[in-house]
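The values are calculated or read from the model by the stated rules, or taken from the named source; none is laboratory data. In this text the structure is predicted, and so the values were computed from the model without any measurement. All Cβ positions, glycine included, derive from the backbone under ideal geometry; neighbour counts span all protein chains shown. Quick note on the areas: whole protein, heavy atoms, side chains included, nothing else; ligands and nucleic acids left out. Shrake-Rupley method; radii C 1.70, N 1.55, O 1.52, S 1.80 Å.
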Amino acid sequence: MQTLTTREALRRARAAAREPFGLVPTMGSLHEGHLSLVRRARAECATVGVSIFVNPAQFGPQEDLAAYPRDLASDLQLLEAEGVDLVWAPATEEVYHPGFQTWVTVEGVSRPLEGARRPGHFRGVATVVAKLFNLFRPQRAYFGQKDAQQAAVVRRMAGDLDLAVEIVVCPTVRAPDGLALSSRNAYLSPEERRGAAALARALFAAQAAYAGGERHPDRLRAAMAGVLAAEPRARPDYVAAADPDTFEELTRPAERVLLLLAVHIGSTALIDNLLLEPEAGA
Ligand code: AMP
């Protein structure tokens, strides 16, 4: 496994790499969710590259950039064990060089939910992912359903800008109690960690209502809100039942519903989501 830090070294390694090239962008502090993306890329691509970069541009001024967990040595060990070919772990100045002033802004799908909760977040994501796509020139790039709106923003950007990359979205990896794995789970105290399972319980409650025939977004939202209200540590930022393509809140019953939650557990903001749709062939 080659571990590189400069753009120049990355360009050289990429030029020599066999194709198809698969890229897994990450912010490090890797867990089984990230590794599921790496394994899918390993199964599908001749060369697998992973970027590890805590992207300042996608953090708001009041957010957790400084505190964000970092453990490069452990990350490299995990990636080596997965048979990754190339890791790029640049310093901030290597990505945002002096005089940097160009941004990628995706409109519609960036606006609601996470876009409203975190102004500028998706501009930072789209810009860094566009740069990663230019540097790595991957045929395929792997993202997690855990960050559903991010994956939609990236897919929109790649399509709109004619970037020749296939966006592959992989299922959310969960802990046994349902909590979606996230680097931010490391912030939780043991008590908060128990409370955090309420997010998944809320999604599963709405899923059960949907399975029982419920299609009205108000009642799906109410099912989630009810579970969260019973967890004293949970402070919801949004409880959404949205259109899976536009991420706009549904106002009428629908067959395809994307449930999305952003919930503070103590001072930690967690997100999760679940897609409800009729079973194939049903
Ligand atoms: P991050 O390091 O948080 O920026 O995440 C890097 C990639 O891993 C993103 O595409 C995430 O959606 C994905 N990811 C994070 N957590 C999970 C999870 N629990 N299951 C699947 N993918 C995940």
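Side notes on the structure shown:
- Residue tally, condition more than 16 Å from the ligand (Cβ to nearest atom) and touching a residue at least 24 places away in the same chain (Cβ under 8 Å), over the range 10-44: 9
- Selected residue [buried (at least 19 other Cβ atoms within 10 Å of the Cβ) and acidic (D, E)] from E277, E231, E191: E231
- Condition met for V128 (within 15 Å of the ligand (Cβ to nearest atom) and buried (at least 19 other Cβ atoms within 10 Å of the Cβ)): yes
- Of all residues in the range 135-148 being outside any strand (DSSP E or B) and farther than 16 Å from N55 by Cβ, the one that is nearest to the ligand (Cβ to nearest atom): K146
- Inter-residue pairs, beta-carbon under 7 Å, first open to solvent by less than 90 Å² (accessible area, probe 1.4 Å) and in the range 98-110, second assigned to a loop (DSSP other than H, G, I, E, B) and not acidic (D, E), 6+ apart: G108/T246; V109/T246; V109/F247
- Set side by side, the residues D177, D237 differ, and just one is among the acidic types (D, E) and closer than 28 Å to R39 by Cα, which is D177.
- Listed by position, the strands (runs of 3 or more DSSP E) contained in the range 1-93 that have at least 2 residues being within 27 Å of Y187 (Cβ to Cβ) and touching a helix residue (DSSP H, G or I) at 6+ places or on another chain (Cβ under 9 Å) are 21-26, 47-52, 86-88.
- Evaluation of V38 against (1) at negative phi; (2) open to solvent by 20 Å² or more (accessible area, probe 1.4 Å); (3) out of contact with any Cys (no Cβ under 6 Å at 6 or more places or on another chain) (one fails), failing number: (2)
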